[in-house]
1. Could you grab me the full set of residues in the stretch 63-81 that are over 17 Å from residue 46 (Cβ atoms) and within 8 Å of the chain's Cα centre (by Cα)?
2. What is the residue count in the stretch 52-106 for residues that are more than 26 Å from residue 19 (Cβ to Cβ), free of Cβ contacts under 8 Å to residues at least 24 places away in the same chain and either in contact with a helix residue (DSSP H, G or I) (Cβ under 8 Å, 6 or more places away or on another chain) or assigned to a loop (DSSP other than H, G, I, E, B) (or both)?
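The values are calculated or read from the model by the stated rules, or taken from the named source; none is laboratory data. As the structure is a prediction and not an experimental result, all values here were calculated from the model. Note that we place each Cβ from the backbone using ideal geometry, even for glycine, and neighbour counts take in every protein chain shown.
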């Protein structure tokens, strides 16, 4: 299953693809871990930052935003690469506002 995922995204990425975070779980931002378990959430983001990788690609926009806020600026969302669009992951209140607008739209 993991190899299928890597083979699927490989055409969109340059260089060697490796899973440096095999035992890493989600940052927990969507489940409010950053506010309810901030120490765990911060430790997780710092472990990603200290792994020594030049770039990190993930399918979770919440994780990308969390990593960037915690200092790992070379984290990227896969979807803009797949769709071949230029898109920045909003940080801070803009991200919260975007989610609220989507959730409560009519």
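1. Answer for the stretch 63-81, where residues must be over 17 Å from residue 46 (Cβ atoms) and within 8 Å of the chain's Cα centre (by Cα): 76, 77.
2. Count: 5.
Yes/no per residue for (1) surrounded by 11 or more Cβ atoms within 10 Å (Cβ to Cβ); (2) at pLDDT 70 or above; (3) under 14 Å from residue 72 (Cβ atoms):
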{"residue": "13", "(1), (2), (3)": "yes, yes, no"}
{"residue": "21", "(1), (2), (3)": "yes, no, yes"}
{"residue": "26", "(1), (2), (3)": "yes, no, no"}
{"residue": "30", "(1), (2), (3)": "yes, no, no"}
{"residue": "41", "(1), (2), (3)": "yes, yes, yes"}
{"residue": "47", "(1), (2), (3)": "yes, yes, yes"}
{"residue": "54", "(1), (2), (3)": "no, yes, yes"}
{"residue": "59", "(1), (2), (3)": "yes, yes, no"}
